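The structure appears right after this line, and notes come after that.
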Amino acid sequence: MTEKTLEQKKKLALQLIERLKAAYPKAGCTLDYDDAWKLLVSVRLAAQCTDARVNAVVEKLYEQFPDVAALAAAETEEIEAIVRPCGLGKSKARDISACMKIINDQYHGKVPSDFDALLKLPGVGRKSANLIMGDVFGKPAIVTDTHCIRLVNRMGLVDGIKEPAKVEKILWKLIPPQEGSEFCHRLVWHGREICTARTKPCCGRCCVSDLCAKAGVMQKENGAPAAG
């Protein structure tokens with residue numbers, strides 16, 4: 001299969017954005033939060049854990065530690081005891097504790113709105129920082145989680161690249177800045193419902209199957225016409 005040019009990929013990106021926007025008009029972050037610091041906590045807990053479980057666990061966490069100051073003052077062992085069901089409890093509790101201490105002491109309890117400042121917080125990588133920038137501060141963001149990486153490779157925006165930072169760099173060139181955050185959220189929804197990881201993708205029910213590189217290959221192999 002011939003690799004698409006940059007302009008072809010930009011055109012494809014716009015088509016994918018519009019199709020997914022129509023299919024998932026209200027798609028957003030599936031982590032529950034009502035403050036920036038809570039999203040930071042949840043996204044750290046979400047590593048190798050489902051959002052549903054995180055949402056249940058943080059309810060108990062916030063009952064005991066209702067604000068940044070309380071969580072910053074908590075013993076790491078106290079945090080770990082609550083977040084253990086999310087897996088990797090020790091490291092997650094350590095990062096959450098350290099992160100809340102910095103926010104409490106250096107930023108007066110407010111999550112910084114600067115991308116580089118976010119990256120300096122314990123346990124915060126590019127994916128988490130982009131999520132905060134897009135969802136909390138409404139700034140351009142590309143969140144390269146596992147769904148995003150899988151789908152943009154299947155769809156043909158990215159060619160066999162799995163490293164999150166490299167995928168992010170490519171998508172910045174293809175996705176209009178104002179569309180990045182919501183596009184990535186819609187990829188998550190689409191990846192959970194249709195273009196799944198653990199089962200065969202449901203190409204017959206996919207709103208972008210006629211645009212998708214992977215679907216086209218599978219349909220040719222199966223001798224089936226492309227879905228419209």
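Data for the structure
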| read-out | value |
| --- | --- |
| Geometric extent, Cα atoms of the chain - Rg, Dmax (angstrom) | 19.2, 62 |
| FRET efficiency estimate (nearest 0.05) - Cβ-Cβ, Ala69 to Glu163, R0 41 angstrom | 0.65 |
| Rounded FRET efficiency, nearest 0.05, which uses the C-beta distance separating Cys207 from Lys60 and R0 of 41 Å | 0.60 |
| Cβ-Cβ FRET estimate between Ala98 and Thr199, R0 fixed at 45 Å, reported to 0.05 | 0.75 |
| Angle between the chain longest axis and helix 89-106 axis [Cα atoms, degrees, rounded to 10] | 70 |
| Cα centroid separation - region 22-41 against region 120-181, whole Å | 15 |
| Degrees between helix 146-155 axis and first principal axis of the chain (Cα, 0 to 90, nearest 10) | 10 |
| Charge dipole (debye, nearest 20) of region 36-135; +1 at Cβ of Lys and Arg, -1 at Cβ of Asp and Glu | 300 |
| Thr76, Thr50, Thr144 arranged by Cβ crowding within 10 Å, fewest neighbours leading | Thr50, Thr76, Thr144 |
| C-alpha long axis of helix 126-135 to longest principal axis of the chain, angle in ° | 90 |
| Dipole magnitude of the chain, debye to nearest 20 (Cβ charges: Lys/Arg +1, Asp/Glu -1, about Cα centre) | 1000 |
| Dimensions in Å of region 36-135 - Rg and Dmax from alpha carbons | 12.2, 32 |
| Positive dipole terminus of the chain, leading residue within Leu211, Ser128, Val41 (C-beta point charges) | Leu211 |
| Estimated [θ] at 222 nm from DSSP helical runs (n ≥ 4, -39500 (n - 2.57)) normalised by residues in the chain, nearest 500 | -18000 deg cm²/dmol |
| Residues Lys60, Lys200 arranged by fewest to most Cβ contacts within 10 Å | Lys200, Lys60 |
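Read the figures in this text as sums done on the coordinates, not as results from a lab. Keep in mind it's a predicted model, so treat the numbers as computed, not measured. Using ideal geometry, Cβ is built from the backbone for each residue, glycine included, and neighbour counts are taken over all protein chains shown.
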